[in-house]
Amino acid sequence: MLITGGITTDRILKSTELYNVSTGNWSITGDLITGRFYHTATVLENGKVLITGGVYNDDGESLSSAELYDPSTNIWSSTGNMTIPRDAHTASLLPNGKVLVVGGFSDDTPTNTVELYDPSTETWEMMDNLNTTRIYHTASVLANGSVLIVGGHDDNNYLITVVELYSSLLN
């Protein structure tokens, strides 16, 4: 298990730690390039971990940056930046190995934007927007590769009861 970043009462963390389930021990590994919280972590098919977005300062400014952790070397590296800075979003590993990033805040403004990360090229592509702006939602990959987007809050901070099925990737 990899724990990355976070926030304390006086600072935003860059530190990362690994938990070894078989020994029950924690070990410190290399720091993130950028301290962040409210980010996502996705284990890619090649075993690397993709960290996307998050907040990097006390003003709630969102990050567009993404980082890759290589567990074989314990080294962090930058990868392509998202088009939209975001935090409190979701990131889902798709059956094709790409990562779908959905919604969240963009500098304190909720968004309905969707991006797709391709690990083979380390590039991002904007996709069709959601119908509803969402923060604090869930995203579940279904057997057919579609992503079910459920719940969260909209741009007026109301709870969302509308469910969306994101399937524009099925081609």
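Rule-based calculations on the coordinates, nothing more; no lab input. Keep in mind the model is a prediction, meaning the values are calculated, not measured. For neighbour counting, all protein chains shown are included, and Cβ atoms are generated from backbone atoms with ideal geometry for every residue, glycine included.
Got a sec? Which strands (runs of 3 or more DSSP E) wholly within the range 57-124 have at least 1 residues that are in contact with a Lys or Arg (Cβ under 6 Å, 6 or more places away or on another chain) and either of a type in the set (D, E, K, R) or closer than 18 Å to Y38 by Cβ (or both)?
On the way: elements: 66-70, 75-79, 90-93, 99-102, 114-118.
Those strands (runs of 3 or more DSSP E) span 66-70, 114-118.
Cβ-Cβ under 9 Å, sequence separation 6+ or interchain: first residue in the range 108-120 and closer than 10 Å to A91 by Cα, partner among the charged types (D, E, K, R) and assigned to a strand (DSSP E or B). Which pairs?
E115/R86; E115/E125; L116/E125; Y117/E125
Take the residues in the range 94-148 that are under 18 Å from N81 (Cβ atoms) and of a type in the set (A, V, I, L, M), then tell me which one is surrounded by the fewest Cβ atoms within 10 Å (Cβ to Cβ).
The first filter runs over the range 94-148 and keeps only residues under 18 Å from N81 (Cβ atoms), leaving 98-107, 111, 113-127.
Add one more test, that the residue is of a type in the set (A, V, I, L, M), and what stays is 99-102, 114, 116, 126-127.
Numbers: V99: 20, L100: 23, V101: 27, V102: 27, V114: 24, L116: 17, M126: 12, M127: 16.
Ranking the candidates gives M126 first.
Does T16 satisfy the criteria of being on the phi < 0 side of the Ramachandran plot and buried (at least 20 other Cβ atoms within 10 Å of the Cβ)? Can you show your working first?
Working: on the phi < 0 side of the Ramachandran plot: yes; buried (at least 20 other Cβ atoms within 10 Å of the Cβ): yes.
Here the answer is yes, as T16 does meet what is asked.
Tell me whether the range 136-154 contains one or more residues that are among the aromatic types (F, W, Y), outside any strand (DSSP E or B) and under 21 Å from E61 (Cβ atoms). Can you show your working first?
Our first condition is that a residue be among the aromatic types (F, W, Y); within the range 136-154, this holds for 136.
Narrowing the set further to residues that are outside any strand (DSSP E or B) leaves 136.
Now drop any that are not under 21 Å from E61 (Cβ atoms), which leaves 136.
Checking the range 136-154: at least one residue is among the aromatic types (F, W, Y), outside any strand (DSSP E or B) and under 21 Å from E61 (Cβ atoms).
Would you pick out the residues in the range 1-28 that are hydrophobic (A, V, I, L, M, F, W, C), part of a loop (DSSP other than H, G, I, E, B) and more than 20 Å from the chain's Cα centre (by Cα)? Quick ask: steps written out before the conclusion?
Quick first cut of the range 1-28, residues hydrophobic (A, V, I, L, M, F, W, C) only: 1-3, 7, 12-13, 18, 21, 26, 28.
Remaining after also requiring part of a loop (DSSP other than H, G, I, E, B): 1, 21.
Matches in the range 1-28: V21 only.
Identify the single condition in (1) touching a residue at least 60 places away in the same chain (Cβ under 8 Å); (2) assigned to a loop (DSSP other than H, G, I, E, B); (3) not β-branched (V, I, T) that D31 does not satisfy, given that it satisfies every other one.
Of (1) touching a residue at least 60 places away in the same chain (Cβ under 8 Å); (2) assigned to a loop (DSSP other than H, G, I, E, B); (3) not β-branched (V, I, T), only one is false for D31: (1).
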